[in-house]
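The structure appears right after this line, and notes come after that.
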Amino acid sequence: MNSLLFLLALPLLYWQGGVESAPALREAGVERLCVPPDMAESWRKAGFSVVPMSQVEFASREKLLTPGIAARADVASPTRSPWVNANGWRILRDSSRDGIDKYHYDLPAGKALLAAAEAFAYGADVILKIDPSDLEEFGRMLSFLRQLPKDDLPTLADLAVVDDGSTLAGEVMNLLARRNLLFRVSPTPLSQFRFNIKLGTEEYPKKEAKDPSLFALKIRRLLTDEQRRLRIYGSEVVICRLTGDDSRVRMHLLNYGGREIAGLRIRLRGAYAKGEVFVDGSGRMQLTDYALTDGATEFSLPKMETYAVIDLPKR
């Protein structure tokens, strides 16, 4: 990925404030933004890279969920898993077919950091409307993203989901993603995968898929934990996008829980050498308790706040 494409891949801010707010944007490190067309020239004169965009154009993009933990009255039991609102599965689904490829977030206070990280991790064309109180946090995430080594590796997966376009198939993808069961979306079965999940077949009846959580558990058991490319221990709110090729992998780790996590344990199938680790809010970090065992690489990430990137070369 060249430098221009990398900059264009950074999350873009939709800003309706007047040019008098330019000092605050500069202090936050924001250099490129979307503004209403009638304000574009003023912002250019103030030294910003500007994309004119009306409110109608902004709203015409597909709206993404506010990422994070959702409070749901129907799952109030403390023994149940937290309900995670995440958009990665949807972006992966849309990228497999023609149509939707442009998105927007309209975010409440406190959500800009995670939304910016999620957009970047999945390489999505996303514009964010944030609460002005989050400008500093948004700028901090932009600064972190700019410092990451450039990369454009393909998504890695353990199985394929044959997409029939249904809401039910989408719910299955949602739960697979939340369980870190890595999948590729395709309109037809893919021969390179042992498992092609096609709803309505004898192996994967729609009746079973109507409980996506149990269905995801079935897929996990079929795949087996030993054969999974990736396992994350000790957290139900961290979702990973894994990319890579024959020589290396990159892990995008997103923490949807809103609290710092200490000592996240990760298992990656295959033998990998120690690489580079980048954690928002902390910078570079060393992995700990590194071990090669039973055909897999295990290690711990000492801590993470919202977003971490781990680059590992193959041995």
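Suppose every K and R has +1 on its Cβ and every D and E has -1 on its Cβ; what is the size of the dipole of the chain about the Cα centre, in Debye to the nearest 20?
Here the size comes out at about 820 debye.
Please grab the % of Cα pairs in the range 177-276 that end up more than 24 Å from each other.
Values: 1549 of 4950 pairs.
The calculated P(r) of the range 177-276 puts 31 percent of pairs beyond 24 Å.
Place a point 7 Å from Cα of ARG146 in the direction of its Cβ. Which residues in the range 11-36 have their backbone N less than 14 Å from it?
11-13, 25-33
Can you run phi through the Karplus equation (6.51, -1.76, 1.60; θ = phi - 60°) for the range 42-51 and list ³J(HN,Hα) in whole Hz, with x for Gly and Pro?
Running phi through 6.51 cos²θ - 1.76 cosθ + 1.60 with θ = phi - 60° gives 4, 5, 5, 5, 7, x, 9, 7, 10, 10 Hz.
Starting from the range 227-315, pick out the GluC sites (Glu not before Pro) whose DSSP state is loop and whose Cβ has at most 13 other Cβ atoms within 10 Å.
Numbers: sites: GLU236, GLU260, GLU276, GLU298, GLU305; in loops: GLU236, GLU260, GLU305.
Hits after loop and neighbour filter: GLU260.
When a footprinting reagent is the concern and you count Cβ atoms within 10 Å, what order do TYR233, TYR204 take, fewest first?
Ordered from fewest to most neighbouring Cβ atoms within 10 Å, TYR233, TYR204 come out as TYR233, TYR204.
Contact order normalised by length for the chain, with contacts defined as Cα pairs under 8 Å and 6 or more residues apart; what percent is it? Show your work: numbers first, answer last.
On the way: 597 pairs, mean separation 46.4, N = 315.
This gives 15 percent for the chain.
Under the Karplus relation 6.51 cos²θ - 1.76 cosθ + 1.60, θ = phi - 60°, what is the ordered set of whole-Hz ³J(HN,Hα) values for the range 63-69, x standing for Gly and Pro?
7, 9, 5, 5, x, x, 8
Using a 10 angstrom cutoff on alpha carbons, build the Gaussian network for the chain and name the most mobile of VAL249, VAL30, VAL56.
VAL56
Among ASP163, ASP151, ASP98, whose mean-square fluctuation peaks in a Gaussian network model of the chain (Cα, cutoff 10 Å)?
In this elastic network of the chain, the residue with the biggest mean-square fluctuation among ASP163, ASP151, ASP98 is ASP98.
If r is the Cβ-Cβ distance from ARG194 to VAL51 and R0 is 25 Å, what FRET efficiency results, to the nearest 0.05?
Numbers: r = 44 Å, r/R0 = 1.76.
With a Förster radius of 25 Å, E is 0.05.
List TRP83, TRP43 from most exposed to least, where exposure is judged by having the fewest other Cβ atoms within 10 Å. Numbers along the way, then the final one.
Details: TRP83 14, TRP43 23.
With the sparsest Cβ surroundings first, the list reads TRP83, TRP43.
How much of the DSSP beta bridge set in the range 161-282 is antiparallel, as a percent to the nearest 5? Mind showing how you got there, number by number?
Numbers: 11 of 14 bridges.
Given both bridge residues lie in the range 161-282, the antiparallel proportion sits at roughly 80 percent.
How long are the semi-axes of the equivalent ellipsoid of the range 159-227, defined as square roots of 5 times the Cα gyration tensor eigenvalues? Whole Å, largest first. Working shown, then result.
Numbers: eigenvalues 48, 42, 25 Å².
Taking √(5λ) for each eigenvalue gives 16, 15, 11 Å, largest first.
How large is the Rg to Rh ratio of the range 230-313 when both quantities use alpha carbon positions and Rh follows Kirkwood?
Working: Rg = 11.8 Å, Rh = 12.8 Å.
Reported Rg/Rh (Cα atoms, Kirkwood Rh): 0.93.
Can you put LYS129, LYS218 in order, fewest other beta carbons within 10 Å first? All intermediate terms of the calculation are to be shown ahead of the outcome.
Values: LYS129 18, LYS218 15.
Listing LYS129, LYS218 from fewest to most nearby Cβ atoms yields LYS218, LYS129.
Give, in nm to one decimal, the length gained when the segment between ARG231 and THR66 is fully stretched (0.36 nm per residue of separation minus the Cα-Cα distance).
Values: separation 165, 0.36 × 165 = 59.40 nm, distance 2.54 nm.
Between ARG231 and THR66, full extension yields an extra 56.9 nm.
Which distance in nm do the two modelled labels at LYS274 and ASP164 give, with both placed 7 Å along the Cα-to-Cβ direction?
Distance between label points: 5.0 nm.
Apply the Karplus curve 6.51 cos²θ - 1.76 cosθ + 1.60, θ = phi - 60°, to the phi angles in the range 302-311 and return the couplings in whole Hz, x for Gly and Pro.
Calculated HN-Hα couplings, in order: x, 6, 8, 9, 9, 8, 9, 10, 10, 10 Hz.
Anyone know which of ARG229, ARG44, ARG32 comes out most mobile in the 10 Å Cα GNM of the chain?
Fluctuation is largest for ARG44.
Hey, which lysines would be in cross-link range of LYS198, C-alpha to C-alpha under 29 Å, not counting anything within fewer than 8 residues on its own chain?
LYS198 reaches LYS63, LYS102, LYS206, LYS207, LYS210, LYS218.
Only the coordinates and a few stated rules stand behind these numbers; no lab work does. These numbers were taken from a predicted model, which means no experiment stands behind them. Methodologically, a virtual Cβ is constructed for each residue, glycine included, from the backbone with ideal geometry; neighbour enumeration extends over all protein chains shown.
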